[in-house]
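This report concerns only the one structure given below.
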Amino acid sequence: MSQQPQSSIPEAEPTVTNATVPMWLIVGTVVLLFLSAWYFDLKGGWFQPKVYAPYVSLANLGEFQPPPPGEAWRPRGKVLFEANCALCHNTDGSGKPGQAPPLAGSEWVVTAGVNRLIRIPQVGMAGPIKVNGQDWNLNMAGMGAAYTDEQLADVLSYIRNSWGNKASIVTPEHVKKVRADVGNRPQPYTVDELMKLEE
């Protein structure tokens, strides 16, 4: 059996050397990252108003949802309230000191009947009144006289069922009946007059 001759060259040990990364690889990586970020920014919808506006919170989003069955009056009443009544009573129904009493929690709003409440915006109200235990001296014009029966019913239903208020809705039929009774009355009601009428 023949023996293989042994090599006289010693086996080389691995060594560490300095090597540079090719410049094309660095530039290519940077360009690829830039193009990826640009594409993502272009197509990802980062805070674009088209994606996120006009909603700023879940509560705000809820305002844009369709009303529950039987509550079509709610969004219509809110629009009318904010356009005409909120100037004095605030959008949260809290009222303004020295100007208009609160509607939130008001005993004049959450009454069992709706007749007196319909009369107030129809021709207005003047003189002293107590609301939530606080004295007021009103000089309110008949803001609701220009509304249709349905519009006045919507805004009063909204007032009776917002800011913690819970009461029955006002129907166009209620408004029509009270308006027929009010007739062409020119002067605002006083508290004493209202208290003598059917609630």
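The values are calculated or read from the model by the stated rules, or taken from the named source; none is laboratory data. Being a predicted model, the structure only gives us computed values, none of them experimental. Because the Cβ atoms are built from the backbone with ideal geometry, glycine has one as well, and the counts that use them run over all protein chains shown.
Computed values, structure above
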read-out: Flag for Val178 being under 13 Å from Asn115 (Cβ atoms) and in contact with a Ser or Thr (Cβ under 8 Å, 6 or more places away or on another chain); value: no
read-out: Only one of Arg179, Arg160 that is basic (Lys, Arg) and closer than 25 Å to Asp135 by Cα; value: Arg160
read-out: Failed condition for Ser168, given (1) over 18 Å from the mean Cα position of the chain (by Cα); (2) crowded, with 16+ Cβ neighbours inside 10 Å; value: (2)
read-out: Residue within segment 46-58 that is closer than 24 Å to Glu82 by Cα, within 24 Å of the chain's Cα centre (by Cα) and modelled with pLDDT of 75 or more present; value: yes
read-out: Residues of segment 51-77 satisfying the condition of being surrounded by 10 or more Cβ atoms within 10 Å (Cβ to Cβ) and either within 22 Å of Asn132 (Cβ to Cβ) or of a type in the set (S, T, N, Q) (or both); value: Asn60, Gly77
read-out: Answer from Pro75, Pro68 - the residue that is closer than 18 Å to Lys166 by Cα and either among the acidic types (Asp, Glu) or not in a helix (DSSP H, G or I) (or both); value: Pro68
read-out: From Ala112, Ala153, residue being among the aliphatic types (A, V, I, L, M), closer than 20 Å to Arg74 by Cβ and touching a residue at least 40 places away in the same chain (Cβ under 8 Å); value: Ala153
read-out: Residue within segment 141-148 that is exposed (fewer than 13 other Cβ atoms within 10 Å of the Cβ) and outside any loop (DSSP other than H, G, I, E, B) present; value: yes
read-out: Which numbered condition Thr91 fails, given (1) modelled with pLDDT under 75; (2) among the hydroxyl-bearing types (Ser, Thr, Tyr); (3) within 30 Å of Lys130 (Cα to Cα); value: (1)
